[in-house]
Amino acid sequence: MSKLFAALAGTLLSLAFVGVASANEMPAVSGSAVLKLELAGPADAAFPLFDPVNESRWSPDWSPRFLAAPPRVAAGLVFVTTSHSGKPTVWLLDRYDAASRTMRYVAFKAGRTLSLLDISVQPRGTRACEATIRHVQTALDSSANDDVRESAREFPSERSHWEAALNSVLREHR
């Protein structure tokens with residue numbers, strides 16, 4: 001896995017700096033936001049719903065293309081999603097720790113942005129939990145600065161949608 005990660009990281013870094021703003025341009029910006037979700041199910045049932053295979057259970061538009069078949073949910077899993085505009089995003093499941101119910105994604109939208117999503121699910125009793133999703137995004141070119149700012153503003157508004165969709169799945173499997 002470490003060779004795969006090193007190769008992917010090197011590729012991402014080399015691609016990231018193709019077209020990065022020159023010293024004379026406005027510098028690229030970063031933005032971050034945090035979602036705290038109250039979920040109506042045990043933490044051990046909720047945590048897998050955030051992995052790239054199970055996310056489609058609550059997010060019908062989620063359709064990753066895995067680079068390995070069958071996909072194995074573990075650190076090092078690489079997959080691609082395509083936005084409505086047809087632009088691909090390459091994802092790396094950088095960390096996956098089921099025991100601590102934490103995972104981290106690195107997402108690279110070619111020439112535009114590099115994002116980190118840290119996810120943690122903690123129990124709140126035996127029948128409820130709290131999921132914390134921290135999203136940090138950096139523009140790789142100043143032309144993506146407005147997208148990064150908008151994402152940081154809009155991400156928190158996803159809370160009610162994510163809670164409703166996740167809780168619907170968790171209620172089905174009680």
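Every number in this text was worked out from the coordinates using simple rules, so none of it is lab data. All figures in this text were calculated on a predicted structure; none of them were measured in a lab. Every residue, glycine among them, receives a Cβ derived from its backbone with ideal geometry; neighbour counts consider all protein chains shown.
Summing +1 for each Lys or Arg and -1 for each Asp or Glu among the other residues whose beta-carbon sits under 12 angstrom from that of V121 gives -3. Amide hydrogen proximity for W62: with H placed 1.01 Å from N in the peptide plane, no residue at 5 or more positions away or on another chain lies under 5 Å. Estimated at 0.36 nm per residue, the fully extended path between S32 and V73 surpasses their Cα-Cα distance by 12.2 nm.
Annotation for R149 and A128: the two label points, set 7 Å from Cα along the Cα-Cβ direction, are 3.8 nm apart.
Considering only L166, S151, A33, the residue lying farthest towards the positive end of the dipole of the stretch 2-172 is L166, judged by Cα position with unit charges set on Cβ. Each residue of the stretch 97-112 was assigned a 3J(HN,Hα) from its phi angle through the Karplus curve 6.51 cos²θ - 1.76 cosθ + 1.60 (θ = phi - 60°); the sequence is 10, 5, 5, 9, 6, 10, 8, 9, 10, 10, 10, 10, 9, 2, x, 10 Hz, with glycine and proline shown as x.
Placing +1 on the Cβ of every Lys and Arg and -1 on the Cβ of every Asp and Glu, with no other charges, gives the stretch 2-172 a dipole of roughly 340 debye about its Cα centre.
When Rg and Dmax are taken over the Cα atoms of the stretch 2-172, they come to 16.7, 56 Å. Taking label points 7 Å from Cα along the Cα-to-Cβ direction, D61 and D44 give a separation of 3.4 nm. The stretch 115-173 and the stretch 70-84 have Cα centres spaced 18 Å apart. Per-residue extension of 0.36 nm, minus the Cα-Cα distance of H161 and A110, leaves a gain of 15.6 nm for this segment.
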